[in-house]
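S.K.: Below is a structure I'd like to ask you about.
The values are calculated or read from the model by the stated rules, or taken from the named source; none is laboratory data. Please read these numbers as outputs of a predicted model, since none were measured by experiment. Here Cβ is always computed from backbone atoms with ideal geometry, including for glycine, and neighbour counts include all displayed protein chains. Keep in mind that these areas ignore ligands, DNA and RNA; they rest on the heavy atoms of the full protein, side chains included. Shrake-Rupley method; radii C 1.70, N 1.55, O 1.52, S 1.80 Å.
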Amino acid sequence: MHQGTTGSRLSPRERNRARDFVVAPYSPDSEGVLVPVLPTECPMHSASGPCDVRRKSLRSRKTGPRFALTVAKCHRHGTIFTIYPPGYAPYQRAPVLALSADGAAILGEDGKARGDLDTFEDSVFQAALDARQRKAWPRDSNDGVPERWWSTQRRHLELALSLTGIGKAIDERTRQLISTVLGVPLLLIREESRRRLSGYQHRGAAVWNVIAAVQPGRQRALRLLLAGHLAGRWGRPRSCHPKSRCLEELPFYIEGKPAPT
């Protein structure tokens, strides 16, 4: 997250949604501490001159990734930003896709990688997967303190509706962009957005129909993060390439740029 690039009139939530954020794979160092690939560029990088990015500190979190995140500083631009592991956006307790810290697929108990759709389990889409099967998360603690709450399921469902472009607040232009980014037919997203979404089961089913059609592959988590940006949920994700250590331009259609042919 970089500082000093947005107006002082914006609220903290609005500033967060306006900021670019950096995503990079984490792996253990010689002492077993998870550290990210450190980018050679900061979010304010330009052709005016090279950045000078160094590790600044570690940021512990009570929720989200189960390890401390690295905070970096560009000493040329004065930019301070947190480096998030693959699948995570700023302040999100759950990822958009369940991945290991280095971005690889999580292995199952049999030692094999999960199936394409299984990676949505333990992500923000878990709420929709359970809702689709009429599994409501507990509303009280009469039977013991639950791991998940109904209020969280409702909140994650609303986020999932935004990420898939079927939320009622999503305009047609944004829906088209999300369709292109996710690689999902616009007709499918339109149809799901017109469903009767009054009940949590209907909303979960609509979300599932879209995420089941999202293009698989190593860029899927980044596609979902970009969809969240287009929906106004957070800033623009910048992916650090593990070899070049540069912040990559996302290989998807962005408003203001020509669509790939």
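S.K.: Run down 188, 157, 197 and say which single residue is part of a helix (DSSP H, G or I), open to solvent by 20 Å² or more (accessible area, probe 1.4 Å), hydrophobic (A, V, I, L, M, F, W, C) and without any contact (Cβ under 8 Å) to a residue 60 or more places away in the chain.
M.R.: Details: 157 fails: open to solvent by 20 Å² or more (accessible area, probe 1.4 Å); 197 fails: part of a helix (DSSP H, G or I).
So the residue among 188, 157, 197 that is part of a helix (DSSP H, G or I), open to solvent by 20 Å² or more (accessible area, probe 1.4 Å), hydrophobic (A, V, I, L, M, F, W, C) and without any contact (Cβ under 8 Å) to a residue 60 or more places away in the chain is 188.
S.K.: From (1) out of contact with any strand residue (DSSP E or B) (no Cβ under 6 Å at 6 or more places or on another chain); (2) modelled with pLDDT under 85, pick out the condition that doesn't hold for residue 113.
M.R.: Residue 113 satisfies all of (1) out of contact with any strand residue (DSSP E or B) (no Cβ under 6 Å at 6 or more places or on another chain); (2) modelled with pLDDT under 85 except (1).
S.K.: Filtering segment 230-242 down to residues that are open to solvent by less than 10 Å² (accessible area, probe 1.4 Å) and touching a helix residue (DSSP H, G or I) at 6+ places or on another chain (Cβ under 9 Å), which residue is nearest to residue 191 (Cα to Cα)? Break it down stepwise before answering.
M.R.: Restricting attention to segment 230-242, the residues satisfying the condition of being open to solvent by less than 10 Å² (accessible area, probe 1.4 Å) are 234-235, 237, 240.
Next, only the ones that are touching a helix residue (DSSP H, G or I) at 6+ places or on another chain (Cβ under 9 Å) stay: 234-235, 237.
Values: 234: 26, 235: 27, 237: 28 Å.
The qualifying residue nearest to residue 191 (Cα to Cα) is 234.
S.K.: Return the residues of segment 160-177 that are of a type outside the set (Gly, Ala, Ser) and either open to solvent by 10 Å² or more (accessible area, probe 1.4 Å) or within 23 Å of residue 201 (Cα to Cα) (or both); say none if nothing qualifies. First the steps, then the outcome.
M.R.: We begin by selecting, within segment 160-177, every residue of a type outside the set (Gly, Ala, Ser); these are 161, 163-164, 166, 168, 170-177.
161, 163, 164, 166, 168, 170, 171, 172, 173, 174, 175, 176 - these are the residues of segment 160-177 that are of a type outside the set (Gly, Ala, Ser) and either open to solvent by 10 Å² or more (accessible area, probe 1.4 Å) or within 23 Å of residue 201 (Cα to Cα) (or both).
S.K.: Same structure again: From (1) of a type in the set (A, V, I, L, M); (2) modelled with pLDDT of 95 or more; (3) over 19 Å from residue 122 (Cβ atoms), pick out the condition that doesn't hold for residue 163.
M.R.: (3)
S.K.: Of the residues that make up segment 46-65, is at least one open to solvent by less than 40 Å² (accessible area, probe 1.4 Å), modelled with pLDDT of 95 or more and farther than 21 Å from residue 227 by Cβ?
M.R.: The answer is yes; a qualifying residue exists.
S.K.: Only one of 205, 227 is in a helix (DSSP H, G or I) and surrounded by 23 or more Cβ atoms within 10 Å (Cβ to Cβ); which?
M.R.: Numbers: 205 fails: surrounded by 23 or more Cβ atoms within 10 Å (Cβ to Cβ).
Step by step, each of 205, 227 is checked, and only 227 is in a helix (DSSP H, G or I) and surrounded by 23 or more Cβ atoms within 10 Å (Cβ to Cβ).
S.K.: Can you give me the ranges of the strands (runs of 3 or more DSSP E) entirely in segment 17-99 with at least 1 residues that are not hydrophobic (A, V, I, L, M, F, W, C)? Don't jump to the end; show me each part of the working.
M.R.: On the way: elements: 21-23, 26-28, 34-36, 53-59, 69-74, 79-84.
Ranges flagged: 26-28, 34-36, 53-59, 69-74, 79-84.
Residues are listed down the side, and each one gets a yes or a no for (1) within 15 Å of the chain's Cα centre (by Cα); (2) at pLDDT 95 or above:
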{"position": "175", "(1), (2)": "no, yes"}
{"position": "193", "(1), (2)": "no, no"}
{"position": "199", "(1), (2)": "no, no"}
{"position": "220", "(1), (2)": "yes, no"}
{"position": "231", "(1), (2)": "yes, yes"}
{"position": "243", "(1), (2)": "no, no"}
